[in-house]
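Scroll down for the structure; my scribbles are underneath it.
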Amino acid sequence: MPRLFCVFCVFAPKSALTIAGRHNPDLLDEYVALEERIGHTFTHTMSIASVRDAIRSGAPVTVTDDDAADWCM
């Protein structure tokens, strides 16, 4: 994890969200339920449900140098 702040930060790359979701599955489920209830995705380009789906499918987490660079603020 290139940085730690909010567990599910809207600025985080999918790899960081996947790591966070694996460690906080109940909270991830709450985010997915909220996303469904309000009818909006987590970000304009990604749903938090897609993160949960990736975790459930056993997809590996691939962290790239771009992830850290993209998440620097």
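Please treat every number below as a calculation from the coordinates, not as lab data. Note that the structure is predicted; figures quoted are calculated from it, not measured. Cβ placement follows ideal geometry from the backbone for every residue including glycine, while neighbour counts extend to all protein chains displayed.
Rg (Å, one decimal) plus Dmax (Å, integer) for the alpha carbons of region 14-55?
Gyration radius and largest Cα-Cα distance of region 14-55: 9.4, 25 Å.
Would you mind getting me the FRET efficiency between Asp53 and Phe5? Use the beta-carbon distance for r and R0 = 35 Å, nearest 0.05.
On the way: r = 24 Å, r/R0 = 0.69.
FRET efficiency, Asp53 to Phe5: 0.90.
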